[in-house]
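The values are calculated or read from the model by the stated rules, or taken from the named source; none is laboratory data. A quick note: this is a predicted structure, and the numbers were derived from the prediction, not measured. All Cβ positions, even for glycine, are placed from backbone atoms using ideal geometry, and neighbour counts span all protein chains on display. Side chains included, ligands, DNA and RNA excluded: accessible areas come from the protein's heavy atoms. Shrake-Rupley method; radii C 1.70, N 1.55, O 1.52, S 1.80 Å.
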Amino acid sequence: MKTKPTTTHEGTSRRDALKGGIGAASLAAVGAGAAVPAAIATSAVAVGAGPAQARPSHEGAMAARVTEPATGITMFPDYARTIAQMAYVWGWPIINMMNRSATITQAPQPSLLNGVLPVSPRGHLAMLADYIDPSETFVTCPNQDVVYGLGFFSLDEEPVVIQVPDFGDRFWVYAMYDARTDQFGKLGKPYGTRPGFYLLVGPNWRGLKPSGITEIVRCPTSLANVIPRAFQDDTPEDKKAIQPVINQINAYPLKDFTGKMKIVEWSKLPSVTGPKSEGGETKWVVPEKCFDQLGAALDLVDPFPGEEALYGQFRLLLDSAAQDPALKKVLVDTAVETEEKVIKQFFQWKHNGRPAGNGWNRSTNNAVFGIDYFNRTGTAKSNMFDNRPTETQYFYTDSDASGTELNGSGSYEITFAKGEEPPVNGFWSLTMYNDKHLFHPNDLKRYSLGTKNKNLKRNADGSLTLYAGAKSPGGDKEANWLPAPNGHFSLYIRAYWGKEGILDGSWKPPVIKKLA
């Protein structure tokens with residue numbers, strides 16, 4: 001029986017949301033990319049939107065008995081300021097995602113931005129061929145334990161096929177994020193995912209599962225991105241061995257699907273020129289423009305149950321400001337103030353997650369935030385694109401055991417007692433970041449230590465001591481040393497695919513001891 005191709009396109013407001021942002025002048029010599037595919041269907045397995053993606057079933061009944069905010073009012077500035085502060089905190093991660101997508105997808109083909117960051121047209125991804133370069137500023141808290149990829153999609157316009165090769169015993173996970181920065185789908189070694197072709201679709205896509213597709217994965221928002229991560233030992237042998245595997249990681253519109261693996265030699269990606277880094281993470285949310293983009297953010301993501309009241313207030317705020325230039329200025333001023341007084345505070349690790357012991361904090365609800373606005377916005381500001389807690393747990397600190405701020409002028413010991421390294425099924429690492437949550441360039445080109453390192457020196461009792469500071473500890477200890485900047489720095493533990501002690505919080509990070 002023949003089936004007719006089926007496509008469902010987004011509403012205009014959602015398309016516009018993906019076009020908004022700061023991208024227009026961000027990539028020099030980079031043009032617009034991706035064609036919009038037609039969704040083909042060759043199999044007789046129907047796929048519809050699941051109930052989790054539908055609007056709340058009680059919406060119609062609620063609308064009949066709950067009064068919505070009245071429009072056409074004259075809103076006075078202090079009330080507007082009150083609502084605007086919450087709107088800014090709520091919308092910050094979504095606008096962040098919108099602007100990253102608008103910028104990155106300007107690439108005309110899979111490329112490396114400034115020779116460093118994988119970029120590609122919408123509907124495609126690009127992969128690195130080794131650890132990410134230390135000059136990266138696209139996202140804070142980068143990771144030199146895995147080989148990364150990156151792609152942004154508009155899934156209602158163009159369902160995307162993503163290839164999963166046979167990784168063998170190697171740890172891997174494809175972290176897939178919706179517009180809110182929550183993960184959707186489960187592709188990775190922790191889930192026993194088998195090799196094959198997986199079709200990523202949006203909330204409004206209707207179609208039949210094409211022949212040759214292993215599984216349909218539905219995103220609750222049309223905007224999505226994926227960041228594949230594949231573990232790599234820090235050895236020449238493994239850097240060579242991983243190449244045939246990562247060359248099979250790929251994503252492309254459904255119209256380009258042939259049923260055969262598309263192989264790309266990612267080590268030969270061309271470079272495209274982009275703006276130079278100013279030393280910190282790219283500024284993805286511009287306070288002065290935030291309220292011009294908030295309406296698109298509201299259109300892009302449907303409200304969670306209970307969020308209808310917030311949406312009503314935020315839309316009323318925008319409606320009132322559209323009629324009153326003076327009120328619009330209040331919103332801009334509030335955005336600037338909230339960025340300074342609230343958002344910037346999340347860069348201090350003590351304001352992220354919950355205490356984990358010995359002066360460290362641990363991430364909370366990472367990538368499964370729901371209505372946890374505190375941790376969603378904090379993560380988007382300080383270390384966006386975390387994995388789920390079951391995939392990765394993150395521990396971080398700015399201070400030593402005494403509560404004194406870490407500084408490269410001092411020397412520190414971090415000792416894991418025998419048998420008390422992070423209990424994981426995957427791998428673990430300790431990473432050094434500067435005051436901007438980015439890598440500190442150093443002569444050893446060393447930014448993290450852990451499972452990937454095969455030359456760490458253990459103590460006679462089997463314990464493992466790592467060292468941090470601007471000055472080398474000398475001798476055999478240098479193999480265990482993380483070079484620090486002269487000023488403030490922070491330390492960050494990743495525990496990938498944690499065992500019970502990581503998941504239940506019973507494992508405690510080690511004491512950071514400052515040496516005399």
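If you scan the range 496-516, which residues turn out to be under 25 Å from the mean Cα position of the chain (by Cα), open to solvent by less than 20 Å² (accessible area, probe 1.4 Å) and of a type in the set (A, V, I, L, M, F, W, C)? Correct list: Ile502 only.
Would you confirm whether any residue within the range 266-288 is at pLDDT below 95, open to solvent by 30 Å² or more (accessible area, probe 1.4 Å), part of a loop (DSSP other than H, G, I, E, B) and among the basic types (Lys, Arg)? Scanning the range 266-288 turns up at least one residue that is at pLDDT below 95, open to solvent by 30 Å² or more (accessible area, probe 1.4 Å), part of a loop (DSSP other than H, G, I, E, B) and among the basic types (Lys, Arg). Only a single criterion out of (1) farther than 28 Å from Ala80 by Cβ; (2) touching a Ser or Thr at 6+ places or on another chain (Cβ under 7 Å) is not satisfied by Asn375, namely (1). Being within 17 Å of Ala417 (Cα to Cα), assigned to a loop (DSSP other than H, G, I, E, B) and open to solvent by less than 50 Å² (accessible area, probe 1.4 Å) is the filter here, so list the residues in the range 445-495 that pass it. Once the filter is applied, which keeps residues that are within 17 Å of Ala417 (Cα to Cα), assigned to a loop (DSSP other than H, G, I, E, B) and open to solvent by less than 50 Å² (accessible area, probe 1.4 Å), the range 445-495 yields Thr451, Leu456, Gly462, Ser463. Number of residues in the range 316-365 that are touching a Ser or Thr at 6+ places or on another chain (Cβ under 8 Å), small (Gly, Ala, Ser) and open to solvent by less than 50 Å² (accessible area, probe 1.4 Å) equals 3. All told, Asn442 falls short of being in contact with a Gly (Cβ under 8 Å, 6 or more places away or on another chain) and either open to solvent by less than 20 Å² (accessible area, probe 1.4 Å) or in contact (Cβ under 8 Å) with a residue 40 or more places away in the chain (or both). Against the conditions (1) of a type in the set (S, T, N, Q); (2) open to solvent by less than 40 Å² (accessible area, probe 1.4 Å); (3) more than 27 Å from the chain's Cα centre (by Cα), Asn434 satisfies every one except (3). Each residue in the range 105-142 was checked for being under 14 Å from Ala251 (Cβ atoms) and in contact with a Lys or Arg (Cβ under 9 Å, 6 or more places away or on another chain), and 1 of them qualify.
Output yes when any residue across the range 420-430 is farther than 25 Å from Asp238 by Cβ, outside any strand (DSSP E or B) and open to solvent by 40 Å² or more (accessible area, probe 1.4 Å), and no when none is. Scanning the range 420-430, I find at least one residue that is farther than 25 Å from Asp238 by Cβ, outside any strand (DSSP E or B) and open to solvent by 40 Å² or more (accessible area, probe 1.4 Å), so the answer is yes. For residues in the range 401-419 being touching a Phe, Trp or Tyr at 6+ places or on another chain (Cβ under 8 Å) and open to solvent by less than 10 Å² (accessible area, probe 1.4 Å), which is nearest to Phe439 (Cα to Cα)? Among them, the one singled out is Gly408.
Just checking, how many residues over the range 327-336 are free of Cβ contacts under 8 Å to residues at least 40 places away in the same chain and under 18 Å from Thr71 (Cα atoms)? Final tally of qualifying residues: 1.
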